[in-house]
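A quick write-up on the structure given underneath.
The values are calculated or read from the model by the stated rules, or taken from the named source; none is laboratory data. Quantities reported herein were computed from a predicted structural model and do not represent experimental measurements. When we count neighbours, we look across all protein chains shown, and the Cβ atoms used for this are built from the backbone with ideal geometry, even at glycine.
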Amino acid sequence: MNYENILIEIENNIATVTVNRPTKLNALNKETIDDLHKAFKNLGKNKEVKVIVLTGSGEKAFVAGADIAEFSNFSIEKGTELAAEGQEKLFDFIENLKTPVIAAVNGFALGGGLELAMACHFRVASDNAKMGLPEVSLGLIPGYGGTQRLPQLVGKGRAMEMIMTAGMISADEAYRAGLVNHVVPQAELLDFCYGIAQRIMKNSPAAIGKAIKAVNANFKEGKNGYETEIKAFGKCFGTNDFKEGTAAFLEKRKPSFTGK
Ligand code: COA
């Protein structure tokens with residue numbers, strides 16, 4: 001499948017998705033959101049793909065936000081629709097994907113760009129990365145889940161300050177706040193993420209998908225995370241991966257998981 005605004009490479013069971021609008025610092029316009037939606041939908045179904053790494057093209061930006069030029073003349077209705085559609089198609093979609101998604105934050109991750117990184121299951125940043133939610137400087141608020149996911153990751157007080165000041169934080173500050181799990185030199189960013197992906201891929205894809213669902217349930221209104229965990233835990237006992245994982249342990253050999 002060909003995409004206009006993103007690149008996809010699959011190697012060693014790892015898919016790298018690169019947002020590719022470098023002249024606009026990879027800002028998310030409608031086409032890019034559509035491309036990303038289709039790509040994640042397809043990659044999520046591709047059994048060959050065990051981990052997805054999401055990054056931005058060039059050395060300057062991961063994603064510098066939603067495309068400001070695109071929505072500058074929107075009405076209340078169109079603005080509401082923009083946020084609703086984007087959240088459903090991309091941000092919530094990534095968060096709920098059963099395949100692990102790592103954000104490789106290679107530069108500016110601002111507004112929708114930071115929201116995109118936060119929708120991924122976890123984040124690794126290059127040392128030049130800068131992160132922030134500058135929406136209030138434009139007379140807006142974050143609309144792709146930023147008011148919800150930032151407090152989940154860094155706590156309410158830090159999130160309030162970042163949102164109200166519209167300021168940027170460095171990769172090291174983001175690490176200290178728990179927004180990113182690791183900070184590495186830019187040239188090593190993708191390899192570092194692939195190293196984590198290799199460790200993930202040793203484990204059961206069926207179990208990982210269920211673990212993602214159970215962790216996410218804690219943050220969903222009307223869901224009881226403990227109950228979700230109990231059900232997902234129980235379902236593991238019906239999988240081939242569980243039979244293989246326990247048999248391999250008892251037989252003192254490495255497991256060979258199929259994800260079923
Ligand atoms: N939407 C649309 N275009 C964007 C963009 C965005 N969010 N972010 C950057 N661009 C475009 C710029 O308009 C510029 O295009 P041009 O060359 O056609 O004029 C190009 O990308 C390069 O950006 P520029 O601002 O010249 O780079 P810089 O190094 O001076 O500044 C930033 C980098 C990230 C600080 C600056 O681009 C910025 O503040 N971007 C907007 C961030 C933002 O508010 N995002 C939240 C949106 S809700």
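Just one of the listed residues (I196, I212) is in contact with a helix residue (DSSP H, G or I) (Cβ under 9 Å, 6 or more places away or on another chain) and of a type in the set (V, I, T), namely I212.
Checking the structure you have, find out if any residue of region 24-38 is within 17 Å of the chain's Cα centre (by Cα) and acidic (D, E). Yes: region 24-38 contains one or more residues that are within 17 Å of the chain's Cα centre (by Cα) and acidic (D, E). In the condition set (1) surrounded by fewer than 22 Cβ atoms within 10 Å (Cβ to Cβ); (2) within 18 Å of the chain's Cα centre (by Cα), G139 is compliant with all but (2).
Checking the stated criteria, E31 turns out not to satisfy the condition of being away from the ligand (no atom under 16 Å from the Cβ), at pLDDT 95 or above and surrounded by fewer than 17 Cβ atoms within 10 Å (Cβ to Cβ). Residue count for region 6-28 satisfying the condition of being of a type outside the set (V, I, T) and surrounded by fewer than 20 Cβ atoms within 10 Å (Cβ to Cβ): 8. Can you pull out the residues in region 179-226 that are in a helix (DSSP H, G or I), over 17 Å from the mean Cα position of the chain (by Cα) and closer than 19 Å to R149 by Cβ? Of everything in region 179-226, just one residue is in a helix (DSSP H, G or I), over 17 Å from the mean Cα position of the chain (by Cα) and closer than 19 Å to R149 by Cβ, namely G225. The residue of region 161-172 that is nearest to the chain's Cα centre (by Cα), among those that are assigned to a helix (DSSP H, G or I) and buried (at least 16 other Cβ atoms within 10 Å of the Cβ), is A171. Does any residue of region 144-159 turn out to be surrounded by 19 or more Cβ atoms within 10 Å (Cβ to Cβ), under 30 Å from S75 (Cβ atoms) and aliphatic (A, V, I, L, M)? Yes, because at least one residue in region 144-159 is surrounded by 19 or more Cβ atoms within 10 Å (Cβ to Cβ), under 30 Å from S75 (Cβ atoms) and aliphatic (A, V, I, L, M).
Condition check ((1) at positive phi; (2) surrounded by fewer than 17 Cβ atoms within 10 Å (Cβ to Cβ); (3) modelled with pLDDT of 95 or more; (4) aliphatic (A, V, I, L, M)) across all residues:
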site: A207; (1), (2), (3), (4): no, no, yes, yes
site: F233; (1), (2), (3), (4): no, yes, yes, no
site: F237; (1), (2), (3), (4): no, yes, yes, no
site: L250; (1), (2), (3), (4): no, yes, yes, yes
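Within region 165-178, residues that are closer than 13 Å to L110 by Cα and assigned by TED's automatic domain parsing to the domain that holds Q152 sit with their Cβ atoms under 7 Å from residues that are of a type outside the set (A, V, I, L, M, F, W, C) and away from the ligand (no atom under 16 Å from the Cβ), at 6+ positions apart or across chains, in these pairs: A171/D127.
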